[in-house]
Amino acid sequence: MSGRMLIYGDLKRRERADDLCQAIAARLHAIECRPAGLERHAALVGILIALGELAQGLADFEFEGRGADDLSPMHRAAAGILLDAARLVSQSWKRGFAGDMRIPKRAFARLRQMEHPLTLSIREPEGYAFYAVYPESYIEAARRSGLGKSTSVIGIRSIGTSLSAAVSAAIGAATPATVRPTGHPFRRQIAIGAQLRQQFLRDTITDFAIVDEGPGLSGSSFGSMADWLEEHATGERHIHFFPGHKGDLGPEACGRHRDRWATSPRHVVGMDELLLETANPRHQLASWVSDLVGPLVRPIEDFSGGAWRRAFPGGCNGWPPADHRFERRKFLAHTGDGAWLVKFAGLGDIGEGKLVRARILAEAGFTPPVAGLRYGFLVQKWVPAPIVAEGFERAEFISHLGRYLAFRARCLPPPAAAGASLSKLSGMALANTEEGLGAAAVRGLKRCIADAWRYESLIVPVDTDNRLHAWEWLAAGEHRFLKTDAVDHSAGHDLVGAQDMAWDIAGAVIEFGLSPREAATLRAAIADGCNRAVSTELQAIFEIFYLAFQLGLWTSARQLAPAVEIPRLEAAASRYAMLLRQRITGSGG
């Protein structure tokens, strides 16, 4: 039932191709002057990601015009420079980040070839932002695959654009093609133009390597490309998969795809094998962290998948719920001066942006101190303090929360894109309410949010926290409270995104059970800090949307959760369902 809950978004931004080309050219010139080492390598991977986004945007632009994926001069230029960058990444990784770096002159010519005043739709590669997907994992997997330079490499856009270049670079193959599966998420389809069709089918005996992150709930992106090859290719064809993990297809996979997945060769080197289990100290996450915070006194401790809750006093019975789908990889690094939280923040510009926000918040005393960023991992001081719980001084906390939210709105860089519109939030609320509470509740909800559209003009998107749950707060710091996990939820891959300040006020009301008077105090504190009033009517509508989103979030989390976690998830979902029903019927809240 929970499969119909709406919680995910589609992260896109609009960029001009000529602006991207000029910015990438400047970064390529600058990297040649940087000293060898991990930071130069991280910057190079950032360029690879930026080139992948450019190539994806151009390919999708042409796809929209043709209705199919095909070859073109623009495609060849983008694929060529992307492969050049992937070869440099592969060489840098193999050399342990040492040696000179020389950018091929043809790379700049190819950028000039793509420098057109086209407005592109860029989709953020989620694996680089959230799932600790490293292109070096695909490089290592390709090197161990036994595949040769005659392999036809195919990337699934979006992230497969740059990951397929990494595979091609590792095995010496030609520039990869990319495709955009379309249609229902569980039943994707492929459309191939004449020239690309000819390229795929010109040899009767060949290996195909299909490259993407995932698979997720269905694996239909991988499956749709393999279906096309099996249906159109003749002769002896061998299909190899380069996924992001070693697991099976998700529960929504069809039988044909599941059978193929079980019998086809899959080539995977996970993050743990790449950065934790490697014998090469230059490639070890622990070495990168120790260079930043000092020698580690014992091996880094995995705090992923809700393991961070082990730090809570009182045993697992008091643990809050954990949604493994949205849990970042995180570790605890122990030094002689204390412990540090090492959390995946993102590769390239994604991680750099989170570092900026983390430092701003930490320097203001709202979050734990920051040591720095080590190739995708943000390193912050681990503060062994109790979480905010019942019995804390509510007035003091509400005052602090007002200062914190006002500071975010006033001082953090503005979001790259606004979050979901009121229309999208309304659609989410209706879908999740029907799924969780039934048709009768939907009729009541429609009455509650009938005039929500009137408040669209009041919304001023800021870098909202979006995660104000009680277990996200520590009773520590110069202000007596510290916020954890504070740098990236407004840019997450759920559908909420960056919202008006009223969203966080609504979240605080729900999570801490604020009374109308306490909510008014919080609104006044934020208005004083930002010199902008917050609409009480918008806040009330956001409370309903917030509850519907949280209901969908924790209900759908059951799908892939371990059995031990399900009672906590059910308890959380039940609480939000009760509160949502009360808002709809007017019986409470």
Residues (in contact with an Asp or Glu (Cβ under 7 Å, 6 or more places away or on another chain) and at pLDDT below 95) located in the stretch 322-380: Ala322
Residue in the stretch 370-381 that is closer than 20 Å to Ser490 by Cβ and small (Gly, Ala, Ser) present: yes
Members of the stretch 261-306 that are among the basic types (Lys, Arg) and either in contact with a helix residue (DSSP H, G or I) (Cβ under 6 Å, 6 or more places away or on another chain) or outside the structural domain of Gly244 (by TED's automatic domain parsing) (or both): Arg282, Arg298
Matching entry among Thr151, Thr161, Thr119 (being surrounded by fewer than 16 Cβ atoms within 10 Å (Cβ to Cβ) and among the hydroxyl-bearing types (Ser, Thr, Tyr)): Thr119
The stretch 528-543 residues that are within 11 Å of Ile505 (Cα to Cα), paired with ones that are at pLDDT 95 or above and part of a loop (DSSP other than H, G, I, E, B) (beta carbon under 7 Å, 6 or more apart): Leu538/Asp500
Qualifying positions in the stretch 366-419 - part of a loop (DSSP other than H, G, I, E, B), under 22 Å from the mean Cα position of the chain (by Cα) and of a type in the set (Phe, Trp, Tyr): Tyr375
Residue match in the stretch 3-12 (condition: without any contact (Cβ under 8 Å) to a residue 24 or more places away in the chain and in a helix (DSSP H, G or I)): no
3 or more residues in the same structural domain as Ala409 (by TED's automatic domain parsing) and within 24 Å of the chain's Cα centre (by Cα): qualifying helices (runs of 4 or more DSSP H) within the stretch 485-589: 501-512, 536-556, 566-585
From the options Ser158, Ser162, residue that is modelled with pLDDT of 95 or more and of a type outside the set (A, V, I, L, M): Ser162
Condition check for Ala450: more than 27 Å from the chain's Cα centre (by Cα), surrounded by fewer than 20 Cβ atoms within 10 Å (Cβ to Cβ) and assigned to a loop (DSSP other than H, G, I, E, B): yes
Residue among Gly46, Gly57, Gly37 that is on the phi > 0 side of the Ramachandran plot and either surrounded by fewer than 16 Cβ atoms within 10 Å (Cβ to Cβ) or not hydrophobic (A, V, I, L, M, F, W, C) (or both): Gly37
Members of the stretch 273-299 found to be closer than 23 Å to Gly338 by Cβ and not in a helix (DSSP H, G or I), listed by number: Gln284, Gly294, Pro295, Leu296, Val297, Arg298, Pro299
Breaking point among (1) without any contact (Cβ under 8 Å) to a residue 12 or more places away in the chain; (2) closer than 24 Å to Gly65 by Cα, for Ala109: (2)
Elements of type strands (runs of 3 or more DSSP E) in the stretch 173-243, at least 2 residues being surrounded by fewer than 16 Cβ atoms within 10 Å (Cβ to Cβ) and not polar (S, T, N, Q): 236-242
Residue list for the stretch 313-328, filter: over 13 Å from Leu341 (Cα atoms) and surrounded by 15 or more Cβ atoms within 10 Å (Cβ to Cβ): Trp319, Pro320, Pro321, Ala322, Asp323, Arg325, Phe326, Glu327
Residue pairs meeting the criteria (Cβ under 7 Å; at least 6 apart or on separate chains; first under 20 Å from Glu472 (Cα atoms), in the stretch 320-349; second of a type in the set (S, T, N, Q)): Glu327/Ser304; Arg329/Ser304; Lys330/Ser304; Trp340/Gln380; Leu341/Gln380
Arg66 vs. criteria surrounded by fewer than 22 Cβ atoms within 10 Å (Cβ to Cβ) and in contact (Cβ under 8 Å) with a residue 40 or more places away in the chain: yes
Of all residues making up the stretch 23-45, the number that are under 14 Å from Ile103 (Cα atoms), touching a residue at least 24 places away in the same chain (Cβ under 8 Å) and in a helix (DSSP H, G or I): 9
Whichever residue in the stretch 135-168 is over 25 Å from the mean Cα position of the chain (by Cα) and part of a helix (DSSP H, G or I) and, among such residues, is nearest to His240 (Cα to Cα): Ser145
Residue tally, condition within 21 Å of Ala420 (Cα to Cα) and of a type in the set (Gly, Ala, Ser), over the stretch 443-483: 3
Selected residue (only one of His400, His479 is over 20 Å from Phe549 (Cβ atoms) and buried (at least 18 other Cβ atoms within 10 Å of the Cβ)): His400
Filtered residue count, the stretch 244-272, keeping only those that are in a helix (DSSP H, G or I) and surrounded by 14 or more Cβ atoms within 10 Å (Cβ to Cβ): 6
Output for the stretch 356-365, where each listed residue is assigned to a helix (DSSP H, G or I), out of contact with any strand residue (DSSP E or B) (no Cβ under 9 Å at 6 or more places or on another chain) and not basic (Lys, Arg): Val356, Ile360
Options Leu20, Leu48; residue that is in contact with a Pro (Cβ under 8 Å, 6 or more places away or on another chain) and assigned to a helix (DSSP H, G or I): Leu48
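The values are calculated or read from the model by the stated rules, or taken from the named source; none is laboratory data. Since this is a predicted model, take the numbers as computed values, not measurements. Using ideal geometry, Cβ is built from the backbone for each residue, glycine included, and neighbour counts are taken over all protein chains shown.
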